[in-house]
Every structure is written in structure tokens, then in C-alpha cells.
Amino acid sequence: MNDKMRNDLKRERETSKPLIIRPTGNWCNLRLGDLWAYRELFYFLAWRDIKVRYKQTVLGVAWAILNPVMQMLVWAFVFGKVAKLPSDGYPYVLITLSGTLVWSYFSEIVNGSAGSLISNTNLITKIYFPRVIIPLSIALRALLDLGIAMLLMMGLMLYLNIRPSVWLVTLPLFVINVTCAAVGIGLLTSALSVKYRDVAKILPYFMQIIFFLTPVAYLQSVIPEKYRWIYFLNPLAGGIEGFRWAWLGIPVEWPMIFYSVIYSFVILVIGVIYFRNLEETFADVI
Amino acid sequence: MSRTIIKVNNLGKSYRIGEIIRHDTLRDAASHLFSRAFRRSPSRKHDSDVIWALDSVNFEVQQGEVVGIIGRNGAGKSTLLKILSRITMPTQGQATIEGRVGSLLEVGTGFHPELTGRENVYLNGAILGMKKLEIKNKFDEIVDFSGVDKFIDTPIKRYSSGMYLRLAFAVAAHLEPEILLVDEVLAVGDIDFQRKCLNKMKVIGQGGRTVLFVSHNMPAVTRLCSRVILFDKGRKAEDGSPHAVVGAYLKSDIGTSAQREWKMPAKAPGNEVVRLNAVRVCTEDGRTTESIDIRKPVCIEMEYDVLESNQVLVPNYHIFNDEGICVFITTDCSNDWSRKPRPKGHYLSRVRIPGNFLSEGCLIVNVAICTMIPVRIHFHEADAVAFHVVDSLDGNSARGDYGGDYPGVVRPLLEWTTQYNKAFD
């Protein structure tokens, strides 16, 4: 142990307040400081998930690219070639790839979070840490996959000789938007599934419905005007449209983006509050 | 001058019985609600049944104390440790802890089979609350201690269970919190490993750190701890010097009695293969008894249900004396069921210990059922029952006419012969 570390530890000891454990009934305490104190564990868990993910696969990390490529091709064939939906003059593969990127990101977080607490039962019943870092580490892993897949998008556009629009700089905003919605839903499903294992059974149907109500493999402009309001309620729809605008410059309805941001944020807040209030009981119930 | 480092004040944790009978699915929850709505009065009463796993517990621990926590299963020891390590929340009261807490409720928590030994050391270290830099600095020491250095870059799914345990304990042993909470970690592994663990624990204790140590291993508790707290049914029963408290535990009914039954299958020791129903100590004619005449045989019987057919099961008893020494182990080698797969059903296995064999004093019985090929322990219930062996000093026991202190782990009445040659002259 070097001197700097010893001093750090010493300081930590001297400045640390005594820990008081007592029953809590406070609905608004989100204990964010606690989250910060456990950031290293958060990185380690995310790192573990990433490491373990492609172990004993022949292709390894290449799957992070292959998955979206497969989906892109399948959807482009079904919707572009067979159903012949319009693509506003862009190659249909770009429409489906941009949708698939966001959808994979979203579904990886939601599906991954739902079972994450149960598959980490041994950690939850043996060690204290803010439980929220388990689903959050899933989100971090998904973000990495999204990053890799976006390199693919970039490569494909260069190959097809299409320049990204200047609005690409706004992309992080839409990533945050989708992340909020996905993490919010992920927190709800993971906390619920601790007590009710039914969640894992219902989730695939829920995701299927969301999939078809989201313009993943088609442009929202093909939807008749009178049904558009449904898309206004779906934060993911706004996220995907925003993505396409940032990458390709396909025009969007701004009110929809606006609602999408609001909804995502509301979902996140509900998810966080619900989760943090239930997390104390996880070890007893799981 | 030592300072108070843990202060437990009126601490309690309750579970509603309704919570223990879990509603794992929405349908269960719905049907429960439904039945509650229609059978209001009886189920209401049922719902108000509350079990206090820990009830109004008060104590203080000074810096540098090594405190043993003992008590039979379900006495609240583990609940206390879980509350102090913040895994579950108390229902009432509070605990104040000053200093960095490291809890070791299990070794190898979070070990991932796909990761290499090296990666798992880092991961497990982080899970136990070490900083990355701290792990890095101690890495060589940890690997050295574990003795698996050759395999450190091999995924641990290829490790033997012994290597796995050694590596896991090595990480845990290098945790340097001011307060260490340890739960029965030493109950695993071979004798060598256990000795290594105990020595390490001793070093930790001597280093001035505060340790709370839950264990069933009475010799270990008396050797390591400077103070012992006994729990019974969620309450603190005794608190004092190790010898006094351990002695009180072993001799009292709290520790054990001659008969135990498990009425609720969910709580009974066992697994999907076999489940223990009852254990009792009785005389040869089947009368349950707590004290046995040293000259008379004593029988120990266990009742159990075999839930899965075609398993070869070997019931066994481990008999300990009140100093924690294993007097003997006896396994069922009779021709009835040994090496024969058993059909499902209810069984009663009884062993007869002959008279004039055991020493006077308190004897504690651990009960287990195993399968030998391959070795699998279906359950092992420590301190299941106990009984006293008494000598009424009638002069026909092994001690003869001597009434004083008569040491020895066993006291067989052996056959003596004396050759006599008539003296010359």
C-alpha cells in the first residue's frame, strides 16, 4: 500500500460519519451519494458483463456487429423489398439499421434488466451495495454495443457515399432520451420481477407490442395521420425519429420529440423512485 | 482507551408469516387477496402473526474486540449480521457503526465461472469493498496465499472445488476493514484449509480489528473470541466470556434437547432428495430421554422422508462432547439399505450406542444424510440433539469405586485379566 493511498484511507476514516442503520420510511430519499461511493463496483460489474458476454463464442465481439447487420438485412428485405415501403430516397438498409440500433439498445437494457436482479441473487443476499447498479451496469454494457454498432452505421454510410448531416452533433441528446426511457422501464421490470416472476413471462409480449408501435423498420411517415397520436405516446418512437434526423437529416415532427423527451424523463423518475423504495426489501423477498 | 465502535440499540426485525409464505407469482398474490376478502376473520388472524427473527437486541462492541455470536439455527445470528452489513433493514431500533465494515457472509461471492482467477480476484475484491488500487497492491500476496498461482489465468470453472475455495478465501483474508463481520465461512473445506482460515482469523483479531464471528464451531469460538454472545429465539440470552457462554449454551436446553421435530417442511433440513422430520435420543425401550445411565445403551433415531427414489442414502451421526471434540462418527453400514437405492417413503433409522462406552457429561449430536458415490451431503444439521450421560456411582461402572474427576473422551468398561502366580516362599 503506498503512502497516498494510506492517507486517502485515513482521511476517509476521519471524515466518515458513523453509519446509522434504522428502519426507513422516507419516500423521497434517493441516496445518490451512496451510488457515487459504489462507483467502482458499478464499473466492475459492467466490466464483468462485457467480459463474460462473448466468452466461448468463436466470433467473440464480432457479434456486436453481426447482430445489427442480420436484423438490418432481414427488416430491409421484409419491409423494403417485399412490402415496398417508402424510404424517402435513402437506401432502405440505412432506415432499418438506424432503427435497429436504437431498438437493440432499448431491448437489451429492458430485457437485460428484467432478470438481472434474480440472476444476481447471490450478490444481493450476501453483500450490501446500492442494488440499482446491477441494472445500470446492464445499461452501460448496452451502451458499448450501441457505440460499436454506430461505427457500423458510419462505415455503411461512407460505403454508400452518403454524408451524415451536420446535426449528428445532437446525437448524444437522443441517446440520452432513449436511455432514460429504457433504464426507467428496466428499473420497473427488474424491481417487479424480484417479487413477481410473471414479469419475465409477460415481457416478450410487451416488447413485441412496443416493437410494432415503434418505427424501427419503417419510417413514421407511412403511418396514416389519424394514428400518429399513438407514436406521440411512445418515447422510443421520438428517439428513433430523432436518431434518423441526426444521422440522415430525415425531417421530424418536433412536438413528438418534445413529448418523447418528457415521457422518457417521467418514466425514468418513476422507475428510480419505485426501485429505490423497494430495494431494501429485495434481500428478504428474492 | 478503547472506544465503542458498534452500538446496537433495541434492534429488531420481524417477518409477517404472510411474507414467508411467499407470493411468487401474481396469481398467488391474487388468490391470496381473494381468499382474504372472503374468509376475513380466520385469515386476518393468520396475517397478524408476526415472527420476530431478532427482538429488542442491545449490545455494544469496543474497538479491537473479537466477539463470537452463537445460538442454534434460527436464533437470529445471521439476521443480525445481515442487518449490520446493511443487506436487510431492521424493523425497529437502530445500530450505529463507526468505521469501514467488511462483511464475509460467504467466500467467493460473485465469482464468475467464465472469468479467470485473476479477473475474479479483482471482481470479488471490488464486491467485498476493496478499492482497485488496494487489490492491485495486494494481488501478489493474495495469489501467494491461495497457492493457485499456476492457474491464475485459467477460467475458474476449470478449478477444483478446493482451488476455488482457497482463492476465494485468499481474497477475503486480505480485506482490511476496521470491522469484520464473518458468518460461518469456516464450515467449508478440508482440515488443512480450515486450519489456515482459523489462523488467519486469529491474526486479524490480534491486529486490533473488531470482528463479529458467527459460528457453530465451538472450539473455534472459544479459541478466537474474547467475548461471546448467545442468541435464543431472536433475543440475546447470554453475553460474557467465551468459556462461560459456550458452556451455558451446550448445557442448556437452548443449545439442544433430546428431541427435535420439524413440523414445517419448508424449514426442515434437507433437499429435494431427502428431508429430515425428527431426531430423538431414547432409551433402548424407545422412551425419549435427556439423561442416560452410563451403564445403559442409548439410541439415537432420525425420521426422514425420501422424496426421490433410487438414491443410495447413508444416514450418519457425529457425536461431540462438551469440549467440542468429536468422540466418533457413525454411519449406517448395516445390510438393510447400504448400497441399495431406496424407494420413496418414510424411514426411521436408529443407532444403538452400547452402555459403558461414553464418558460422563453432555454429548451433542450432529445429524446428516449423505450419498457416498459421488459424495453429496443432503443435509447436515449441527447440534440437532443432545443428552447427558450420568454415572450414579453405584460402583459397577467403568470408574469403579472412585468418585472423583475421571477424564477421558470415552469410558469403556473393558475386560481385564490378571494372571496370578503364587509367590515364592
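Just so it is clear, none of the values below were taken in a lab; they were calculated from the coordinates. Quick caveat, the model's predicted, so the values are computed rather than measured.
Numbers below:
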quantity: Convex hull (Cα only) mean projected area of the range A:31-285, reported in nm² to one decimal; calculated: 14.5 nm²
quantity: Gaussian network model of chain B, springs between alpha carbon atoms under 10 Å - residue of B:411, B:280, B:158 with greatest fluctuation; calculated: B:158
quantity: P(r) of the protein assembly as shown over all Cα-Cα pairs, binned every 10 Å from zero, in whole percent; calculated: 2, 12, 18, 21, 18, 13, 8, 4, 2, 1, 0, 0, 0, 0
quantity: Linear extension gain, residue A:55 paired with residue A:35, 0.36 nm per residue minus alpha-carbon span; calculated: 4.3 nm
quantity: CD proxy at 222 nm, helix term only [per DSSP H run n ≥ 4: -39500 (n - 2.57); per residue of the protein assembly as shown; nearest 500]; calculated: -13500 deg cm²/dmol
quantity: Using alpha carbons only: equivalent-ellipsoid semi-axes of the range B:314-407, gyration tensor based, whole Å; calculated: 32, 15, 11
quantity: Directionally averaged shadow of the range B:60-151, computed from the convex hull of its alpha-carbon atoms, nm²; calculated: 8.4 nm²
quantity: Convex hull projection area averaged over all views, the range B:259-390, Cα basis, nm²; calculated: 7.8 nm²
quantity: Residue-wise HN-Hα coupling along the range A:187-204, computed from phi with Karplus coefficients 6.51, -1.76, 1.60 (Hz; x: Gly, Pro); calculated: 5, 4, 5, 5, 5, 5, 6, 4, 8, 10, 5, 4, 3, 5, 7, 6, 3, x
quantity: The range A:215-283: C-alpha pair distances exceeding 20 Å, %; calculated: 39 percent
quantity: Two-decimal ratio, the range B:196-277, of alpha-carbon radius of gyration to 2.2 N^0.38 Å; calculated: 1.37
quantity: Solvent-free Debye scattering, log10 I(q)/I(0), computed from the Cα coordinates of chain B at q = 0.06, 0.07, 0.08 Å⁻¹; calculated: -0.33, -0.44, -0.57
quantity: GNM flexibility winner over chain A from A:113, A:87, A:190 (Cα, springs under 10 Å); calculated: A:87
